[in-house]
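Notes for the one structure printed next.
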There are 2 protein chains.
Amino acid sequence: MVRKILIVGAGKSTSYLLDYLLEKSDTENLKVIIGDLDTSSISGKIKSHPNCAVRTLDIFREEERISAIQEVDLVISMLPARFHIKIAEDCLTYKKHLVTASYISPELKKLNEKVIESGLVFMNEIGLDPGIDHMSAMQVIDRIRDNGGKILLFESFCGGLVAPEFDNNLWNYKFTWNPRNVVLAGQGGTAKFIQEGTYKYIPYHKLFRRTEFFEVEDFGKFEGYANRDSLNYREAYGLQDALTIYRGTMRRVGFSKAWNIFVQLGATDDTYTIENSENMTYREFINLFLPYSPTDSVELKLRHYLKIDQDDSTWEKLVELNLFDKSKKIGITDATPAQALQKILEDKWTLGDKEKDMIVMYHKFGYELNGEKKQIDSKLVVIGEDRIHTAMAKTVGLPVAIAALKILNGQITTPGVQIPISKEVYQPILKELESLDINFKEYEVPYPGYNPDSVAS
Amino acid sequence: MVRKILIVGAGKSTSYLLDYLLEKSDTENLKVIIGDLDTSSISGKIKSHPNCAVRTLDIFREEERISAIQEVDLVISMLPARFHIKIAEDCLTYKKHLVTASYISPELKKLNEKVIESGLVFMNEIGLDPGIDHMSAMQVIDRIRDNGGKILLFESFCGGLVAPEFDNNLWNYKFTWNPRNVVLAGQGGTAKFIQEGTYKYIPYHKLFRRTEFFEVEDFGKFEGYANRDSLNYREAYGLQDALTIYRGTMRRVGFSKAWNIFVQLGATDDTYTIENSENMTYREFINLFLPYSPTDSVELKLRHYLKIDQDDSTWEKLVELNLFDKSKKIGITDATPAQALQKILEDKWTLGDKEKDMIVMYHKFGYELNGEKKQIDSKLVVIGEDRIHTAMAKTVGLPVAIAALKILNGQITTPGVQIPISKEVYQPILKELESLDINFKEYEVPYPGYNPDSVAS
């Protein structure tokens with residue numbers, strides 16, 4: 001019998017997801033239906049696949065949405081997270097499984113009991129971050145525990161970057177995902193984490209100055225800044241007794257120091273619009289955030305304001321962005337500072353047609369076993385194939401696709417609104433990801449062994 | 001015929017307000033009714049005044065509120081601004097005038113048409129700031145215009161401080177008003193202003209490093225940081241063509257530099273609660289915001305993090321607050337950082353029983369007259385009498401009281417939801433305030449005369 005999968009939203013991240021499901025569609029007896037408001041961006045190769053159907057779908061039209069969901073066995077929603085709830089409610093009504101790569105919203109969580117009663121699997125956070133991070137972390141955590149170890153420290157960092165061979169600007173960064181999220185990263189709340197048993201709080205304006213450093217074999221050095229939500233998974237992971245829990249985002253070393261200049265200026269603010277932004281030059285935009293002077297240049301005012309030394313190489317990063325240009329214009333009406341800054345960055349940070357992206361993930365697991373303190377570092381690097389088959393699309397799309405098929409095949413059966421942290425889920429998925437070249441490498445390293453009697457704690 | 005005034009809310013700021021009205025109650029034929037949830041803090045001297053009545057009033061009990069409003073001719077609301085709207089709606093229904101010292105809320109503004117139709121005066125923002133600032137500024141602005149001048153620049157700063165003879169801590173600051181507002185000052189939005197025709201934006205984390213300095217004769221030097229709302233009164237004041245509009249808050253020099261340490265740490269954050277705040281020491285509180293170290297002291301970590309030199313006198317200000325104390329405890333359950341910080345500050349910054357406060361206001365008016373650029377600086381200093389009769393209570397309460405009486409006496413008649421910027425309102429009130437020793441001094445000074453062709457603009 002044919003099993004039908006509805007994929008809602010055919011955005012950037014669906015290339016590998018579609019390839020995987022269509023490739024298996026004959027042997028697995030699958031029919032893939034893509035529903036999107038705008039189907040024009042879907043490639044001819046996909047559209048013409050015999051096991052694929054494309055339909056225009058506006059999820060705000062109830063009839064259209066319900067009829068699309070009713071006729072399938074499982075729904076994959078690749079829409080922005082805020083749209084999932086409508087689809088989830090219909091999936092519950094018409095008894096369909098659901099897979100998303102997004103964080104579980106409070107509304108979605110509320111459906112859990114009814115989803116369990118209906119015997120349905122609503123699998124969420126099964127992309128890259130969240131997704132592969134959950135699965136790969138829980139695999140090591142469970143293994144340490146199964147061996148009788150006790151977790152002392154868990155740190156987890158992930159970043160979407162540009163592949164080394166195309167890493168050719170001074171920021172060592174290009175947009176490989178939604179640029180707006182990059183500009184707004186870290187806003188909306190204080191970063192909280194726990195370090196050697198002490199709570200730590202970092203306000204947004206200090207976030208990019210409190211970085212950690214990482215070395216990844218063959219790929220060099222990286223830095224990481226804290227996520228807001230380090231403590232969110234403390235209970236889910238069973239880490240209530242861990243002394244250190246820290247999650248964050250990875251960049252190449254030096255990015256954060258330079259990005260901090262925008263944060264300090266207020267140029268990442270998205271809460272108000274600028275007057276006359278359309279005809280404003282890049283230089284005038286930066287000058288909005290600097291003290292008035294009848295004589296001093298924007299350059300000197302900025303150096304003085306943020307205490308940037310004459311020989312600080314960060315300066316060249318600003319110049320590379322044409323930040324002081326007197327002719328380039330923002331060109332957006334009523335832009336917020338964040339929107340104006342995004343425009344400036346897109347001029348320079350857009351991934352070229354032939355360029356590849358790179359995903360890096362780094363976990364640290366500190367633990368105690370037989371009275372001895374140890375640490376395992378686990379690292380993942382994935383390089384994209386091209387601008388469509390990006391490492392981001394691969395690492396987000398493949399776990400979603402694998403999970404969907406395993407749910408249909410009855411290999412993942414525990415019902416409920418869930419994230420992939422149980423062995424039933426992560427073991428088969430990680431195993432298959434390995435065969436698709438998504439491989440973690442593990443390293444045993446010394447555990448730093450902090451002094452618990454420190455005056456600083 | 002007796003005219004009845006209902007004063008809702010008998011808080012800190014009502015001492016002069018009550019004294020003024022009761023003193024005139026015989027000659028003006030007034031009956032003052034004080035309505036408050038808790039009437040116990042009202043002094044016996046007030047309570048026993050023959051023209052005063054005190055009643056328990058819960059404004060959330062509709063019947064109680066309506067009956068209190070129905071029986072008077074005018075209502076003065078000294079409640080927090082968010083409570084005015086209920087009272088205003090009743091005032092409209094039962095045709096009573098209303099006076100408040102608070103900012104006009106959007107809901108209140110919506111009543112304007114109906115208030116005009118009813119021929120009522122709803123006078124708002126008639127305290128100190130807002131209040132005396134509006135009136136004193138408009139008096140000079142109107143005078144310059146009436147003489148044919150054109151306003152180029154308007155700056156206005158105000159601060160509530162401690163009187164010089166009791167100014168005996170290193171911050172040169174004590175709480176003379178709501179401490180919570182002082183801790184949260186500047187939060188909730190980017191400061192916006194306009195300087196020599198250029199818009200300027202200051203994010204919260206830079207607000208206390210972008211200060212201006214002022215000299216007040218006989219009182220020495222002050223500094224000012226920007227308010228969020230500099231441009232709010234641009235149209236009301238008729239300053240659409242002014243090149244510079246800047247409003248702010250005054251402190252003694254050095255306050256902002258030290259306060260910025262709390263801002264940088266994130267210790268003024270009011271958006272989340274701290275775990276275990278009750279038993280946390282002051283030292284542990286500060287350490288929440290500093291990087292973890294197994295060996296380094298809180299002191300060194302703070303100096304390094306915020307680059308505070310060994311000989312920076314700001315450090316002594318922190319020590320004076322017992323910030324590094326290992327035994328003093330926050331003592332508040334589930335405190336936000338802002339609440340914890342307020343507790344620390346209240347230990348040291350509470351105005352003593354015999355101590356006096358001080359109000360300072362400073363306006364600058366730059367203008368062009370007959371092709372010549374000129375400037376007038378206008379300054380006000382008011383010193384409190386004691387802890388009840390504070391300069392704050394005087395400068396907030398007297399304009400409210402005077403306005404109320406002038407409305408009752410038909411000297412202020414233009415109806416509507418308004419602020420005191422018309423001559424009809426500010427002229428008689430400022431004149432009477434002068435007789436009560438609230439006096440601005442004016443100084444003609446050179447206009448700085450910026451170069452409009454500057455590379456920086």
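Things worth noting here:
- Residue count for region B:148-166 satisfying the condition of being among the acidic types (Asp, Glu) and surrounded by fewer than 17 Cβ atoms within 10 Å (Cβ to Cβ): 1.
- Residues satisfying the stated conditions in region B:134-147, i.e. surrounded by fewer than 21 Cβ atoms within 10 Å (Cβ to Cβ) and touching a strand residue (DSSP E or B) at 6+ places or on another chain (Cβ under 6 Å): B:Val140, B:Ile144
- Candidates B:Leu306, B:Leu351, B:Leu323: the one that is within 14 Å of chain A (Cβ to nearest Cβ) and of a type outside the set (S, T, N, Q) is B:Leu306.
- Hey, A:Gly366 open to solvent by less than 40 Å² (accessible area, probe 1.4 Å), over 28 Å from A:Lys109 (Cβ atoms) and either among the aromatic types (Phe, Trp, Tyr) or within 14 Å of chain B (Cβ to nearest Cβ) (or both) or not: yes
- Unmet criterion (only one of (1) open to solvent by 20 Å² or more (accessible area, probe 1.4 Å); (2) part of a loop (DSSP other than H, G, I, E, B); (3) free of Cβ contacts under 8 Å to residues at least 40 places away in the same chain) for A:Leu300: (2)
- Odd one out for A:Phe255 among (1) within 14 Å of chain B (Cβ to nearest Cβ); (2) under 28 Å from A:Ile308 (Cα atoms); (3) open to solvent by less than 10 Å² (accessible area, probe 1.4 Å): (1)
- Of the residues in region A:311-328, at least one is open to solvent by 60 Å² or more (accessible area, probe 1.4 Å) and in contact with a Gly (Cβ under 9 Å, 6 or more places away or on another chain).
- Residue within region A:21-33 that is in a loop (DSSP other than H, G, I, E, B), of a type in the set (Gly, Ala, Ser) and open to solvent by less than 10 Å² (accessible area, probe 1.4 Å) present: no
- Figure legend. Inter-residue proximity from region B:375-392: first residues within 19 Å of B:Asn178 (Cα to Cα), second residues among the acidic types (Asp, Glu) and surrounded by fewer than 17 Cβ atoms within 10 Å (Cβ to Cβ), beta-carbon distance below 7 Å, spacing 6+ or different chains. Indicated pairs: B:Arg387/B:Asp353.
- So A:Ile359, is it modelled with pLDDT of 95 or more, closer than 28 Å to A:Gln195 by Cβ, more than 14 Å from chain B (Cβ to nearest Cβ) and not in a loop (DSSP other than H, G, I, E, B): yes
- Every residue from region A:192-214 that is of a type in the set (Phe, Trp, Tyr), more than 7 Å from chain B (Cβ to nearest Cβ) and either within 23 Å of A:Ala258 (Cα to Cα) or open to solvent by 20 Å² or more (accessible area, probe 1.4 Å) (or both): A:Tyr204, A:Phe208, A:Phe213, A:Phe214
- Against the test of being part of a loop (DSSP other than H, G, I, E, B) and aliphatic (A, V, I, L, M), the options B:Leu170, B:Leu152 yield a single qualifying residue, B:Leu170.
- Looking only at region B:174-191, and only at residues there that are part of a helix (DSSP H, G or I) and open to solvent by 10 Å² or more (accessible area, probe 1.4 Å), the one that is nearest to the other protein chains (Cβ to nearest Cβ): B:Leu184
- Residues of region A:192-225 that turn out to be free of Cβ contacts under 8 Å to residues at least 40 places away in the same chain, more than 20 Å from A:Gly160 (Cα to Cα) and either assigned to a helix (DSSP H, G or I) or under 19 Å from the mean Cα position of the chain (by Cα) (or both), as a count: 2
- Residues being of a type in the set (D, E, K, R), open to solvent by 70 Å² or more (accessible area, probe 1.4 Å) and within 30 Å of B:His389 (Cβ to Cβ) - total across region B:329-359: 4
- The set of residues in region B:238-252 that are open to solvent by 20 Å² or more (accessible area, probe 1.4 Å) and part of a strand (DSSP E or B) comprises B:Thr249, B:Arg252.
- Exclusive hit being assigned to a loop (DSSP other than H, G, I, E, B), modelled with pLDDT of 95 or more and of a type in the set (Asp, Glu), set B:Glu284, B:Glu278, B:Glu235: B:Glu278
- Any pair with Cβ under 9 angstrom, 6 or more apart, that starts in region B:164-181 at a residue that is over 21 Å from B:Leu323 (Cβ atoms) and touching a residue at least 12 places away in the same chain (Cβ under 8 Å) and ends at one that is in a helix (DSSP H, G or I) and open to solvent by 60 Å² or more (accessible area, probe 1.4 Å): B:Trp177/B:Lys12
The values are calculated or read from the model by the stated rules, or taken from the named source; none is laboratory data. Predicted model, so just to flag it, every value in this text is computed and none were measured. As a convention, Cβ positions derive from the backbone with ideal geometry for all residues, glycine included, and neighbour counts pool all protein chains shown. Please note that ligands, DNA and RNA were not included when accessible areas were found on the heavy atoms of the full protein model with its side chains. Shrake-Rupley method; radii C 1.70, N 1.55, O 1.52, S 1.80 Å.
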